[in-house]
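> Below is the structure I would like to discuss, written out as C-alpha cells.
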Amino acid sequence: MTAAAIAWGQSDSAPALPEGPGKDTFVSVCSLCHAPTAPFGRQWTRQQWELKVTEMLQEEPDVTREERAAIVEYLSANFRPGGKIYINHADAKDLEAALEISAADAEAIVRSRGTQGDFKSLDDLKKKVPALDSAKVEGKKDRLVF
C-alpha cells in the first residue's frame, strides 16, 4: 500500500462511487496509487480538491491538464461540503465537521467502528455509540451513507 493510500484511508466494504462526469478519469488515474474510495468521508471545497489533486499528481507528468481538471470537477461535485456523509469511511475530524458534533462524539464513532465493525443504519449507529448527540445526527440522516 502506498503512502497516499495510507493517508487517505480505505475500507473493504465501500459503497459505489457516485456517477458523473470525470468518474472514469478519476478511477483510472487515481487508482494507480490508492483505492477509488479514498475521498469517501471528505467534504472539501473545490479549492481544497485542487490542492489535493495537485499534490497527489505532482510527479505524474503523463496526466494531462484536462484529466486533472476532470478529476477536480468530479471530486468537487461529489465530495463537497453539505454532500453525502460516508459514516463508515470518514475520519473523526471530517465527521466532526460534517455532522457538527463534538470531537469526543466523532472519536467515539471512529472507535466504535474500529471495534464493532461498520454501521448498518442510523439505529445501529445510535445503538453502538449511545453517548452520541443523536439529535444532530438525526437531522442529517438523509445525507448519511452506510
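The values are calculated or read from the model by the stated rules, or taken from the named source; none is laboratory data. Quick caveat, the model's predicted, so the values are computed rather than measured. Don't worry about glycine lacking a Cβ; one is built from the backbone with ideal geometry, like all the others, and counts go over all protein chains shown.
> Select from the range 111-141 the residues that are aliphatic (A, V, I, L, M) and surrounded by 19 or more Cβ atoms within 10 Å (Cβ to Cβ) and list them in ascending order.
Across the range 111-141, the qualifying residues are LEU125, VAL129, LEU132, VAL137.
> Then there's this: Pull up the range 100-111, narrow it to residues that are of a type outside the set (Ser, Thr, Tyr) and not in a helix (DSSP H, G or I), then point me to the one that is nearest to GLY82 (Cα to Cα).
GLU100
> Among the residues of the range 112-146 satisfying the criterion of being within 21 Å of GLY82 (Cβ to Cβ) and β-branched (Val, Ile, Thr), which is farthest from the chain's Cα centre (by Cα)?
Of everything passing the filter in the range 112-146, VAL137 is farthest from the chain's Cα centre (by Cα).
> A follow-up question, please. Does ASP105 satisfy the condition of being touching a residue at least 12 places away in the same chain (Cβ under 8 Å), touching a helix residue (DSSP H, G or I) at 6+ places or on another chain (Cβ under 8 Å), under 19 Å from PRO15 (Cβ atoms) and among the acidic types (Asp, Glu)?
Here the answer is no, as ASP105 does not meet what is asked.
> Can you confirm whether the range 40-47 contains a residue that is at pLDDT 95 or above and charged (D, E, K, R)?
Yes, the range 40-47 contains at least one residue that is at pLDDT 95 or above and charged (D, E, K, R).
> Being in a helix (DSSP H, G or I), surrounded by fewer than 17 Cβ atoms within 10 Å (Cβ to Cβ), under 16 Å from the mean Cα position of the chain (by Cα) and of a type outside the set (Phe, Trp, Tyr) narrows it down to one of ALA97, ALA69, so name that one.
Only one candidate qualifies: ALA97.
> Kindly provide the set of residues from the range 53-88 that are of a type in the set (D, E, K, R) and touching a Pro at 6+ places or on another chain (Cβ under 9 Å), ordered by number.
Within the range 53-88, GLU73, LYS84 qualify.
> Another question about this same structure. Is one or more of the residues making up the range 110-117 of a type outside the set (Lys, Arg), within 21 Å of TRP44 (Cβ to Cβ) and in contact with a strand residue (DSSP E or B) (Cβ under 7 Å, 6 or more places away or on another chain)?
no
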